């Protein structure tokens, strides 16, 4: 018999002859059980909550963002192919991003618009995988149809729009006219709605084709940055240094 079991047995056997001592023993054991159970439940809930928050944030954010000092990345397609060949890199996505004003027939809201390549977008932004058919939803504009845009759920709710509705994107980078500075306005059709589950993201972000973003941002054939996802997020800093050393400066 183990030493701890022997002591516990002697204590409980002694308590049987005394009702008050037995009551104190039972209450003590039950109290310890409840306290340990509460501690385990709290730790489990907090660990699960932390894991869920990390998963949601990393589902829309890349691990590394590559940008060029003082300008745009003109040869982003070639650079993206080079980065993809580096060991430890999972996926790469050139982007153009800017703050805009959204306007619909039912509301106005500020937000962020991201121009992405449809074939790469789902590899970085996991929420877009659920939307599906990105090549169709993130289409370029044509003579008969406006370009497509995918909105966050809360952003779409603020604008009062659903799939098939029209929204206007207003940018400050417009043109000068005799009446003064005129903002640029572009019409889009809502072709999809995504949901991360976090209001800070669902109420701000939207996605369009990178070609359309280049047009409205006056960045012909260029990208503002390249988002990168790596195998080990905790090794992202070292991977970033390796990518820079592989590509060279600038």
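The values are calculated or read from the model by the stated rules, or taken from the named source; none is laboratory data. Note that this is a predicted model, so its numbers are computed, not measured. Note that each Cβ is placed from the backbone with ideal geometry, even for glycine, and that neighbours are counted across all protein chains shown.
Values as computed for the structure displayed
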{"quantity": "Listing of helices (runs of 4 or more DSSP H) fully contained in the stretch 1-111 that carry 1 or more residues being modelled with pLDDT of 80 or more", "calculated": "19-58, 76-84"}
{"quantity": "Test: residue in the stretch 204-227 that is within 13 Å of residue 89 (Cα to Cα), surrounded by 12 or more Cβ atoms within 10 Å (Cβ to Cβ) and assigned by TED's automatic domain parsing to the domain that holds residue 120", "calculated": "yes"}
{"quantity": "Number of positions in the stretch 189-232 that are assigned to a helix (DSSP H, G or I) and out of contact with any helix residue (DSSP H, G or I) (no Cβ under 7 Å at 6 or more places or on another chain)", "calculated": "9"}
{"quantity": "Residue that is farthest from the chain's Cα centre (by Cα) [pool: residues in the stretch 119-131 that are surrounded by fewer than 21 Cβ atoms within 10 Å (Cβ to Cβ) and in contact (Cβ under 8 Å) with a residue 12 or more places away in the chain]", "calculated": "119"}
{"quantity": "Top-ranked residue in the stretch 134-155 [being assigned to a loop (DSSP other than H, G, I, E, B) and in contact with a helix residue (DSSP H, G or I) (Cβ under 9 Å, 6 or more places away or on another chain); ranked as surrounded by the most Cβ atoms within 10 Å (Cβ to Cβ)]", "calculated": "138"}
{"quantity": "Single condition residue 182 does not satisfy, out of (1) touching a strand residue (DSSP E or B) at 6+ places or on another chain (Cβ under 9 Å); (2) at pLDDT 90 or above; (3) farther than 13 Å from residue 98 by Cα", "calculated": "(2)"}
